[in-house]
Amino acid sequence: MPVLSLLLWMALAAGLGWWFSGGLAATLGALVVAIFCFGTMVWKLHRLERWLAGPDLHSDVAWRGLWREIAQRIQRLVKQRDRQVAAHEQRLQHFLQAIQASPNGVTLLDEQGRIEWFNDTAAAHLGLDIRRDLLQHVVHLVRDPVFSRYFAQNQHDAEVVIEGRSLSAAHGVKLSVQLHAYGEGRQLLLTRDITSIALADAMRRDFVANVSHEIRTPLTVLSGFVETLQLIPLPEKEQHRYLDLMAVQASRMQSLVADLLTLSQLEGSLPPGMNEKVQVQELMTQVASDAQSLSAVLSGQDGDQRRCVHELLFEPAPAWVVLGVRSELLSAISNLVSNAVRYTPAGGTIRVAWSRDAEQVTLSVSDTGPGIAPEHLPRLSERFYRVDRSRSRETGGTGLGLAITKHVAQRHGGELRIESQVGKGSTFMLVLPISRLEPQA
Ligand code: ADP
């Protein structure tokens, strides 16, 4: 169209020139119109170029005709491109959010091994700071020699374990790290916190070592006696003495196996529900009678001579009903009372009482025994942790009693509390939430 109008204007100018002065004027007229139109076109192109280079391509232009149409088409294309860019940006944000949400640390490395991006988990694992550490070489920041060696290898098929740098954790953090190649020479560094797995592994190894040790000792003693009995012809009285000693070792192993089974049952079963009812009075009658017998056995007297050598003060048990598992509660309370009897020297006093307030119901076992130094208290309920190792052995302890009691308390929604003063005695408390007490009629 503009070409047509240019031709029309040129024809008009040529016609007018012809009409006024003949052929030369016609050519001149057409030329003037052509030059004018060309000039106008150049100016408008320049205007278009300035507009394209300017910051605002979206607002309406005040041009007309072909130029307005060109501007509008450009605006439509720009809008379409903006929409595509926004969609890509949104998708990228979704990817980044997904990687952020990952429980594992993700760090992107460029071809030179410099850090391009990392998620918050990686920052926490490796102690990275987004403002400080971008574009730093990863080996300069992850300074574990195991990692440096691993990074220098060509193959990264397996993961390696390094020390993490978490500032929040009280003790060492163990990280499993692995490099994965992607793109052209880029690498993805994945980190996984395996502290709890490593801890559980170490605990399992310790546990197996402890159990083996606990079983090996009585077994060695037993096999020694068996060998002696086989090789040396002993008088009958001596034989009986040996057999008695063998029976003690056998019963030690039986107690250990029984406690191990109790622990594994506690760990492998669902927490107690609220359906089973335990009569506190009936439970305490059994505990008191067991405590009397134990005190008598520990007195070292023979046969009929045996009598309780402690002052056992069982306050009258309340007529309460506890909602829980009877066998577990009996085992937990018996452990506390038998410990008090075993560790309190003859003549000492042991007091057992139930109490309650608005929130909890408590069974407390106090003794006038040797007491326990504060540094041992937090570790008492660890498996096989003993303060007085020889007393524990002498009295048939397995080192698992308090671990069982704590487990039972926790399974019933409660806890085991210990208060003790060296030289004065100890109080062990089995604390249960008040919801475990059946409301009284
Ligand atoms: P054990 O079978 O050795 O008694 P426990 O788990 O029952 O194992 O107790 C752990 C340790 O706590 C005991 O070895 C003992 O040293 C200490 N302990 C437990 N109860 C008492 C107590 N009433 N008085 C003093 N020490 C105690």
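The values are calculated or read from the model by the stated rules, or taken from the named source; none is laboratory data. Just so you know, these numbers come straight off a predicted model, no measurement behind them. When we count neighbours, we look across all protein chains shown, and the Cβ atoms used for this are built from the backbone with ideal geometry, even at glycine. Surface areas here come from the heavy atoms of the whole protein model, side chains and all, with no ligands, DNA or RNA. Shrake-Rupley method; radii C 1.70, N 1.55, O 1.52, S 1.80 Å.
The table for this structure:
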| item | result |
| --- | --- |
| Selected residue [open to solvent by less than 60 Å² (accessible area, probe 1.4 Å) and at pLDDT 95 or above] from 189, 229 | 189 |
| Tabulated pairs, the range 350-376, first closer than 22 Å to residue 391 by Cα, second modelled with pLDDT of 95 or more and among the acidic types (Asp, Glu), C-beta under 6 angstrom, 6+ apart or interchain | 350/367 |
| Criterion violated by residue 274 - all others in (1) in a helix (DSSP H, G or I); (2) modelled with pLDDT under 95 satisfied | (1) |
| Filter result for residue 16 (closer than 30 Å to residue 77 by Cα, open to solvent by 70 Å² or more (accessible area, probe 1.4 Å) and in a helix (DSSP H, G or I)) | no |
| Tally of residues being open to solvent by 50 Å² or more (accessible area, probe 1.4 Å), more than 30 Å from residue 413 (Cα to Cα) and among the charged types (D, E, K, R) across the range 232-271 | 5 |
| Filtered residue count, the range 386-398, keeping only those that are among the polar types (S, T, N, Q), near the ligand (Cβ under 6 Å from one of its atoms) and assigned to a loop (DSSP other than H, G, I, E, B) | 1 |
| Selection from the range 120-141 of residues that are within 19 Å of residue 183 (Cα to Cα) and either in contact with a Phe, Trp or Tyr (Cβ under 6 Å, 6 or more places away or on another chain) or without any contact (Cβ under 8 Å) to a residue 40 or more places away in the chain (or both) | 135, 137 |
| Given (1) in contact with a helix residue (DSSP H, G or I) (Cβ under 7 Å, 6 or more places away or on another chain); (2) away from the ligand (no atom under 11 Å from the Cβ), number of the condition residue 282 does not satisfy | (1) |
| Tally, over the range 399-441, of residues that are assigned to a loop (DSSP other than H, G, I, E, B), near the ligand (Cβ under 8 Å from one of its atoms) and open to solvent by less than 10 Å² (accessible area, probe 1.4 Å) | 1 |
